[in-house]
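Here the structure is laid out as structure tokens; the discussion comes afterwards.
The values are calculated or read from the model by the stated rules, or taken from the named source; none is laboratory data. This is a predicted model, so every value here is computed, not measured. Positions of Cβ are backbone-derived with ideal geometry, glycine not excepted, and every protein chain shown enters the neighbour counts. Ligands, DNA and RNA are excluded from the accessible area calculation, which covers all protein heavy atoms including side chains. Shrake-Rupley method; radii C 1.70, N 1.55, O 1.52, S 1.80 Å.
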Amino acid sequence: MNDVFSLRRFGWLMRKIFLERTMQVLGTLLLCFTVTFIVYFMTRLLLGIEEAQNAAFLVGLTLGGSLMASIVFSYFNNNAVGVSFITLPASLLEKWLSGILIVGVLYFLLFLAFFRLIDLSFVLQYHHNLDHHAPYYKEQYEAVYLLSFSDFTAWGNYAMFFNFAGIMMLGSLFFNKAAFVKTALVICVVIVGTFLLNLLVISLLIKNTQTAFPFSIVWIWVGKYRAPIELSPETADKIKIIFRFVLPAILWSLSLLRLKEKEF
């Protein structure tokens, strides 16, 4: 067999993982899907269906994916289990790919399927409850439609999913105990620190700065009004590429290196 990757050996590894961790994986899936449904239902009641679609998609994909990512390499919570995982007769690449497959492929696709199911149900219910004889029936009907999986908002959520999942997967290999909580705290500190540092630097460079968002936009006071200073389209496109493709690739690759360190 190939020492780096064997499809047959990888299949055995995935089978072993699902047999041994069925309750953990399915329990996490059920929790993520339940939270997604609750967020959709409650936001729809309070704010409307369009806001509910965006909120549920963001929470379910990003937070749910982060939670799933934090458990795929949680073997090291227990020394005996961690040693058992490291000594499995599978290559380092196969062990890493098992986590990638569970989070980046299985959870991602299962969530999209689940979200499409509940989104379709709520949209159909909305259309069914409309008054067909109302003068603005057509406008009301066309105002609500299924959330697109290919528009700008969806791509932004995909980027957040792969970035945060990559960080959580890396965090689960650095923190043996309470990896999700500790990594979440690190993320919060980095985000707040980046925002404050960016605001400080921009305030020193540009007078009358009202607020500034890293890699995005700066708002300044012009008399009594606010005015935006945005990135050029070319720079904005480069930033999108970095956050959508380059940074996730780096984060997920670092988890492979960290897993390699665990073997030693």
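Things worth noting here:
- Check on Tyr126, in a helix (DSSP H, G or I), of a type in the set (Ser, Thr, Tyr), surrounded by 12 or more Cβ atoms within 10 Å (Cβ to Cβ) and at pLDDT 90 or above: yes
- Residue in the stretch 211-233 that is part of a helix (DSSP H, G or I), under 26 Å from the mean Cα position of the chain (by Cα) and farther than 26 Å from Gly104 by Cα present: yes
- Verdict on Leu185 being farther than 30 Å from Met68 by Cα and open to solvent by 70 Å² or more (accessible area, probe 1.4 Å): no
- Residue identified as in contact with a helix residue (DSSP H, G or I) (Cβ under 9 Å, 6 or more places away or on another chain) and surrounded by 14 or more Cβ atoms within 10 Å (Cβ to Cβ) among Ile202, Ile167: Ile167
- Selected residue [of a type outside the set (Lys, Arg), open to solvent by 90 Å² or more (accessible area, probe 1.4 Å) and farther than 18 Å from Phe73 by Cα] from Leu19, Leu45: Leu45
- Taking the stretch 1-14 as the range and being open to solvent by 90 Å² or more (accessible area, probe 1.4 Å), within 17 Å of Trp96 (Cβ to Cβ) and modelled with pLDDT of 90 or more as the test, the residues that pass are Leu7, Trp12.
- Any hit, the stretch 36-45, residues being of a type in the set (A, V, I, L, M, F, W, C), in contact with a helix residue (DSSP H, G or I) (Cβ under 8 Å, 6 or more places away or on another chain), in contact (Cβ under 8 Å) with a residue 40 or more places away in the chain and not in a helix (DSSP H, G or I): no
- Within the stretch 49-96, the residues that satisfy the criterion of being open to solvent by less than 40 Å² (accessible area, probe 1.4 Å), of a type in the set (A, V, I, L, M, F, W, C), within 30 Å of Phe114 (Cα to Cα) and touching a residue at least 60 places away in the same chain (Cβ under 8 Å) are Ile49, Ala52, Ala56, Phe57, Leu61, Met68, Ala69, Ile71, Val72, Phe73, Trp96.
- Selection count, the stretch 144-159, where residues are of a type in the set (A, V, I, L, M, F, W, C) and free of Cβ contacts under 8 Å to residues at least 12 places away in the same chain: 1
- Filter result (outside any helix (DSSP H, G or I) and not aromatic (Phe, Trp, Tyr)) within the stretch 52-106: Asn78, Thr87, Leu88, Pro89, Ala90, Ser91
- Condition met for Phe114 (buried (at least 19 other Cβ atoms within 10 Å of the Cβ), touching a residue at least 40 places away in the same chain (Cβ under 8 Å) and aromatic (Phe, Trp, Tyr)): no
- The stretch 208-226: number of residues that are free of Cβ contacts under 8 Å to residues at least 12 places away in the same chain and either open to solvent by 80 Å² or more (accessible area, probe 1.4 Å) or out of contact with any strand residue (DSSP E or B) (no Cβ under 9 Å at 6 or more places or on another chain) (or both): 3
Condition check ((1) among the aromatic types (Phe, Trp, Tyr); (2) under 16 Å from Leu58 (Cβ atoms)) across all residues:
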| residue | (1), (2) |
| --- | --- |
| Leu97 | no, no |
| Gly104 | no, no |
| Leu109 | no, no |
| Arg116 | no, yes |
| Val123 | no, no |
| Lys138 | no, no |
| Phe152 | yes, yes |
| Lys177 | no, no |
| Leu185 | no, no |
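- Test for Ser255: is it in contact with a helix residue (DSSP H, G or I) (Cβ under 9 Å, 6 or more places away or on another chain), at pLDDT 90 or above and either open to solvent by 30 Å² or more (accessible area, probe 1.4 Å) or of a type in the set (Ser, Thr, Tyr) (or both): yes
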